[in-house]
1. Could you please find all residues in region 138-150 being more than 16 Å from residue 15 (Cα to Cα) and more than 12 Å from the chain's Cα centre (by Cα)?
2. Is it true that some residue in region 20-39 is assigned to a loop (DSSP other than H, G, I, E, B) and either modelled with pLDDT under 80 or crowded, with 17+ Cβ neighbours inside 10 Å (or both)?
3. Filter region 142-160 down to residues that are part of a helix (DSSP H, G or I) and more than 15 Å from residue 46 (Cβ to Cβ), then give me how many there are.
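The values are calculated or read from the model by the stated rules, or taken from the named source; none is laboratory data. Since this is a predicted model, take the numbers as computed values, not measurements. Methodologically, a virtual Cβ is constructed for each residue, glycine included, from the backbone with ideal geometry; neighbour enumeration extends over all protein chains shown.
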């Protein structure tokens, strides 16, 4: 079992270093990493304004509940296990683009990623296929950029994406049942 976990950690580190080095060696990719790792989440906040504008309050409520659910699971994981971020665990080869005094040092799961996928899943399931698809693309860019910026390992992103998608589905099912009582 320990051998398997060590193998997974090695693959995770290698994939991380490839994406990280790609940003170091290419200014355009590095700038893209920087932009989406810092500001990509703003696109999801703007989607909330759009949902309010077009009066899709149930989709907005579903997104909020999915973020709350994912945040609760994240808090439980944070209490139990604090995985150090790459720029902490591998400070000899990795420097982060983020201001490290403002960044929580726990890496798993990526909160930016679970928020992005929770909102994208909620919006998509609520029938906003074009906006939902766009948000899924941005969510992937946010996740990859968080790795490339030295803030997360790929497994942190995968865990965040799975948590976000799962919480989006659960919130959607909850809102669907609750809608029967609202009508």
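1. Passing the criteria: none in range.
2. Initially, region 20-39 is screened for residues assigned to a loop (DSSP other than H, G, I, E, B), giving 26.
The next check asks that each one be either modelled with pLDDT under 80 or crowded, with 17+ Cβ neighbours inside 10 Å (or both); those that pass are none.
Looking through region 20-39, none of the residues is assigned to a loop (DSSP other than H, G, I, E, B) and either modelled with pLDDT under 80 or crowded, with 17+ Cβ neighbours inside 10 Å (or both).
3. Filtering region 142-160 for residues part of a helix (DSSP H, G or I) gives 142-148, 154-160.
Then keep just the ones that are more than 15 Å from residue 46 (Cβ to Cβ); that gives 143-148, 154-160.
So the count comes out to 13.
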